[in-house]
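Quick notes on the structure that follows.
Every read-out reported here was derived from the displayed coordinates using simple, explicitly stated rules and does not represent laboratory data. The shown structure was predicted, so the numbers you read here are calculated from the model rather than taken from an experiment. Here Cβ is always computed from backbone atoms with ideal geometry, including for glycine, and neighbour counts include all displayed protein chains.
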Amino acid sequence: MVTLTAITPRVIAMSHSPRQKHTPEQWQQLIDAQAASGQSQVAFCAERGLSKSSFQHWKRRLRTSQAPVSTPSALFAPLADEPGNTDSGWTIELDLGDGVCLRLRRP
């Protein structure tokens, strides 16, 4: 004969609802909230019933998808000659720090 008390714990354990699926926007809000909370990822996730591995996955995924893409055109600016300058030569001097200076000259 099976008693009701022996069955009850199994029924309760199996009645947990599945994890909620979050959108990327919701993950970003959670990541921002964790950063502002001052809590560790472990404490933040445990308090909210989140999987720490899922939290870290989405943090990496959203960080790489939001990384700015640099364009070569942003690295250089065109230079124009000064009006009235007939000198075709130029000198460029770059101070690289630690006493190192790079000088480029065109006569």
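Using the Stokes-Einstein relation with a Kirkwood hydrodynamic radius computed over Cα pairs, the translational diffusion coefficient of segment 23-67 at 37 °C and a viscosity of 0.692 mPa s comes to 313 µm²/s.
Approximating the spin labels as points 7 Å out from Cα along Cα→Cβ, the ARG60-to-ASP32 distance works out to 2.4 nm.
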